[in-house]
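S.K.: Before I ask anything, here is the structure I am working with.
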Amino acid sequence: MSRYDAISGLVIFFISAAIIIASRSYPLGSLSQPGPGFLPLWCGIIMAFLSSVTLIRTLLANRKKARAEERESFLTDRWMKVVLVLAALFAYTFLLELTGFLAANFMIILFLLKVIYSEKWRVALLEAAAGALCTYYLFDVWLKLNLPKGLLMEFLFK
Amino acid sequence: MDNLHYILVGFQVCLQPANLLLAFVGCLIGTLIGVLPGLGPAAAIALLLPTSFSLTPVGAIIMLSGIYYGSMYGGSTTSILLNIPGEAASVVTCMDGYAMAKQGRAGSALGIAAFGSFIAGTIAIVLLTFLAPPLASVALKFGPPEYTTLVILGLTLLAFMAKDSLKAIIMGCMGIFLSTVGIDAISGTARFCFDKTELMDGIGLVPVIMGLFGVSEVFINIESTMRREILDGKIASYLPTKRDWKKAYKPILRGSILGFLVGILPGGGAVLSSFLAYAVEKRLSKHPERFGTGMIEGVAAPEAANNSACGAHFIPLMSLGIPCTAVMAILMGAMMIHGLSPGPNLIHDHPDFFWGVIVSMYIGNIMLLVLNLPLIGLWVQILKVPYRLLFPFIILFCLIGAYTLNNSSFDVLVMNIFGIIGYLMKKVDFEGAPLILGMVLGGTLENSLRQSLILSNGNFSIFMTRPIACSFLVVALMLLVISSLPAFRKRIPLPTEETVD
């Protein structure tokens, strides 16, 4: 029981409220002929109920005991790295079809090695190049997975 | 005996070179996963799901199952040599295993772990062979009300086993809700699609699994820095001595049976069984105070237990279509994607699949015994590769895997989103397994619930008047009551959390 429990309980409560509202826009049907909104609505109701119970439980809990039980900080000092990796993941998602498989792989490996682990430029570039080429051969050429070539390549090799 | 004929069919299927190779690959990857801390069997299976699509259903499940029980073997290596559990079920092995290693008895420890795992695995598969088909034929009598209550029982059991049952039920409901996204099969309405065509087929199970277990695991690993002190020094011999065997054979047998019984229950996992086996051995021992200082029983029993629990997990999945842990849920997802509908009819409709997988487990166990002992040197070398060099590739494989599912960036987006959700969930002790279970079982639940209500004309008493359904509900209710009692608050985390200290 900590304040993170309370926050997560609140978040879940709001999500369940949204689910309940959204489910009502679909026909609920009757008990003998349940409609598409039936199950989602009940999921939302149960979640809302349970998350309120969690909230109440947290609020009623002994404050001192809760502090003692609280884990180490939610965010460690490396949290920025997590954000950066997440950004890299999203960037890759959007860039993959734009720049093509080979280029995108190279960029992400380079970024991850350089920014997250602060590798030396030489090692990072080498590994990125090797990695990109190996994965290209493995997935595109050998497994023939039909991965995007990127707009530039398509333009050049039309 | 009918079963004998089917076992031969199984051998026929399994001994095809392609399937043999896949079993080997699965076992190899599984051992590797078990050896490398930071990536668990759930994450690995999740990441390899897309690659399995080009395989036949049998081949895919053979490989993926191989990863699962292979990881149980591999996990013990790092526990004994480095005091780092390769995955959660090997935590207990650290205690006496590492102590033995420090005394120079690493070889015995590793040997007993491997042989114990092999014996336990074999026992489990034999029991599975004889128990699964009869269970399935009982389950064939199930109608919609029985399925509804069985799913509810399955989810409740998982919640019961969780560290925080309330949160687990919330996650289960969330999973069920997520399974409703898409076009409703019965009414044809598009639910929660927000006009996105990609959502009409539902939220992809595989990207969610990859995100929730694979990507989130990477996020967690980035934050921690693992120090590894590899115990240098020659490992004398891998064969346990006669004295070792004398001390260890009973714990192995006890551990196997215990692990099997615990594993067969939905929610009872390999982790729980290893802890229980250790506790039982300590209780039964003439020198309980020596546990933790290098008692071979403390290595043999948990290792046997976690392997036989692993085999037992397949029973509810194969005969009832109810997965009892996250890994089983993922395997069930894989089976569904390959066009097999798990349930009591599976054994009957696809005997070649069922028996092929069972027999491959026998063969897989043999392969693992051979793989583990001589190749330990290799595994230790691999451990020396720093995580920082491996991790870009893990991420890349996630991304490529998600993309190649449907050649769509949308799936990658789903994976990323669930990756961050999974990471946050891990931080606040919300477990991912109930969510996946909810997603996998949500469809079954909804269909059987609606059919039941149509059958009974809206009357909920149908769940009470039918004896099997009623008994499931009663057990579920009892579990809910027990789990809310304060005495049961502290419990062991679900067997999917690969937390490394």
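The values are calculated or read from the model by the stated rules, or taken from the named source; none is laboratory data. This structure is a prediction, so every number in the text was calculated from the model and none was measured. Ideal geometry is used to build each Cβ from the backbone, glycine not excepted, and the neighbour counts take in all protein chains shown. Side chains included, ligands, DNA and RNA excluded: accessible areas come from the protein's heavy atoms. Shrake-Rupley method; radii C 1.70, N 1.55, O 1.52, S 1.80 Å.
S.K.: Go through the stretch B:336-365 and give me each residue that's within 21 Å of B:L20 (Cα to Cα) and more than 20 Å from the chain's Cα centre (by Cα).
M.R.: B:H350, B:P351, B:D352
S.K.: Quick one: how many residues across the stretch A:19-42 are at the interface with chain B (Cβ under 10 Å from one of its Cβ atoms), out of contact with any strand residue (DSSP E or B) (no Cβ under 9 Å at 6 or more places or on another chain) and outside any loop (DSSP other than H, G, I, E, B)?
M.R.: Final tally of qualifying residues: 8.
S.K.: When you scan the stretch B:371-435 for helices (runs of 4 or more DSSP H) that lie fully inside it, which ones turn up with 2 or more residues that are facing chain A (nearest Cβ under 8 Å) and more than 22 Å from the chain's Cα centre (by Cα)?
M.R.: Per the criteria, B:387-406, B:409-427.
Okay, residues lined up against (1) surrounded by fewer than 20 Cβ atoms within 10 Å (Cβ to Cβ); (2) away from chain A (no Cβ under 14 Å); (3) within 32 Å of the chain's Cα centre (by Cα):
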| residue | (1), (2), (3) |
| --- | --- |
| B:Q451 | yes, no, yes |
| B:N457 | yes, no, no |
| B:T465 | yes, yes, no |
| B:I468 | yes, yes, yes |
| B:S471 | yes, yes, yes |
| B:I482 | yes, yes, yes |
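S.K.: Considering each of B:I183, B:I170, B:I230 in turn, give the residue that is of a type outside the set (G, A, S), open to solvent by 30 Å² or more (accessible area, probe 1.4 Å) and at pLDDT 85 or above.
M.R.: B:I183
S.K.: Give me the pairs: first residue in the stretch A:43-54 and at the interface with chain B (Cβ under 7 Å from one of its Cβ atoms), second residue acidic (D, E), beta-carbon distance under 8 Å, and six or more apart or on different chains, which are they?
M.R.: The qualifying pairs are A:T54/A:D5.
S.K.: Looking at this structure, is B:L135 assigned to a helix (DSSP H, G or I) and out of contact with any Gly (no Cβ under 7 Å at 6 or more places or on another chain)?
M.R.: Yes; evaluated as a whole, the condition is true for this residue.
S.K.: I've got another one for you. Output the qualifying pairs, or none if there are none: Cβ atoms under 8 angstrom, residues six or more apart or on different chains, first residue in the stretch A:121-141 and closer than 23 Å to B:T51 by Cα, second residue in a helix (DSSP H, G or I) and of a type in the set (S, T, Y).
M.R.: Final answer for the pair search is A:F139/B:T404.
S.K.: Please verify whether the stretch B:119-128 includes one or more residues that are touching a residue at least 60 places away in the same chain (Cβ under 8 Å), of a type outside the set (A, V, I, L, M) and buried (at least 24 other Cβ atoms within 10 Å of the Cβ).
M.R.: Yes, because at least one residue in the stretch B:119-128 is touching a residue at least 60 places away in the same chain (Cβ under 8 Å), of a type outside the set (A, V, I, L, M) and buried (at least 24 other Cβ atoms within 10 Å of the Cβ).
S.K.: Here is a check on your reading of the model: is B:G74 buried (at least 23 other Cβ atoms within 10 Å of the Cβ) and either in contact with a Leu (Cβ under 8 Å, 6 or more places away or on another chain) or at pLDDT below 85 (or both)?
M.R.: When the stated conditions are applied, B:G74 passes them.
S.K.: Do any helices (runs of 4 or more DSSP H) entirely within the stretch A:48-121 hold 1 or more residues that are under 23 Å from B:A168 (Cα atoms), open to solvent by less than 70 Å² (accessible area, probe 1.4 Å) and modelled with pLDDT under 85, and if so, which? Before the answer, list the steps.
M.R.: Values: elements: A:63-69, A:79-99, A:101-111.
By residue number, A:63-69.
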